[in-house]
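The values are calculated or read from the model by the stated rules, or taken from the named source; none is laboratory data. This is a predicted model, so every value here is computed, not measured. Cβ placement follows ideal geometry from the backbone for every residue including glycine, while neighbour counts extend to all protein chains displayed.
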Amino acid sequence: MARYTGPTSKIARKFGEPIFGPDKHFEKKNYPPGQHGLAKKRKKVSEYGTQLQEKQKVKYTYGLLERQFRNLFEQASRMKGRKGENLIILLESRLDNLVYRLGIAPTRAAARQLVSHRHIIVNGNVTNVPSYSVKPGDVIGVREKSKALEVIQDAVGKGSISKYSWLEWDGANLTGKFINRPEKTEIPETINEQLIVELYSK
């Protein structure tokens, strides 16, 4: 399956929360899309359906395909600690997610594009793999010739970096440092990772 590129508001309404960020359309219609949207909202969902919906929500939130997500979960399962929390750590450590968290791009999709088009550097080296796993202490920045890009300037001007304690931002040089992996409680998105663990444990 190809990565979803359709209306983000429609997906946000499907899951009942603005998973792609502030959304005026979602605020006006915060019920499932379609002719029977309000009726669907009242329909009881099975345990499996609830688990599947949570997995799909996280996949859309971070922009992963099914195989990528499954591989990430298997990697989390091999790590010490709780599988669900490890999964969140791996998702948050992705380069495209950190470019978004640093405020270099307005959305994760835009961040993924900036990385793929070689506008982003990690520790001084160009890295064009959105799934690259950033380690604590690594420095993420914008290539010198890319600093004037309108999408980057507009995003940086909003200054979204201040709300994340695990990131350090240098606005003068357009670089950010990944200080440490965040705790689950620090992640702004509402994710019930235990439902995903239960789904893959079947």
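Summary of computed values
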| read-out | value |
| --- | --- |
| So ASN173, is it modelled with pLDDT of 90 or more, within 28 Å of ASN71 (Cβ to Cβ), surrounded by fewer than 18 Cβ atoms within 10 Å (Cβ to Cβ) and out of contact with any Cys (no Cβ under 6 Å at 6 or more places or on another chain) | no |
| THR185 vs. criteria among the hydroxyl-bearing types (Ser, Thr, Tyr), within 17 Å of the chain's Cα centre (by Cα) and part of a helix (DSSP H, G or I) | yes |
| Test: VAL115 is assigned to a helix (DSSP H, G or I), buried (at least 17 other Cβ atoms within 10 Å of the Cβ) and touching a helix residue (DSSP H, G or I) at 6+ places or on another chain (Cβ under 7 Å) | yes |
| Inter-residue pairs, beta-carbon under 6 Å, first under 14 Å from THR61 (Cα atoms) and in the range 77-98, second acidic (Asp, Glu) and surrounded by 17 or more Cβ atoms within 10 Å (Cβ to Cβ), 6+ apart | LEU87/GLU193; ILE88/GLU193 |
| Among the residues listed as ALA172, ALA109, the single one being outside the structural domain of GLY84 (by TED's automatic domain parsing) and either closer than 30 Å to GLN53 by Cβ or in a strand (DSSP E or B) (or both) | ALA109 |
| Residue count, the range 144-159 (criterion: on the phi < 0 side of the Ramachandran plot and in contact (Cβ under 8 Å) with a residue 24 or more places away in the chain) | 9 |
| Some residue of the range 98-106 being closer than 21 Å to ILE179 by Cβ, aromatic (Phe, Trp, Tyr) and not in a helix (DSSP H, G or I) | no |
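One line per residue, one yes/no per condition, for (1) at pLDDT below 90; (2) surrounded by fewer than 19 Cβ atoms within 10 Å (Cβ to Cβ):
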site: GLY21; (1), (2): yes, yes
site: GLU27; (1), (2): yes, yes
site: LYS44; (1), (2): yes, yes
site: GLU54; (1), (2): no, no
site: ALA76; (1), (2): no, no
site: MET79; (1), (2): no, yes
site: GLU92; (1), (2): no, no
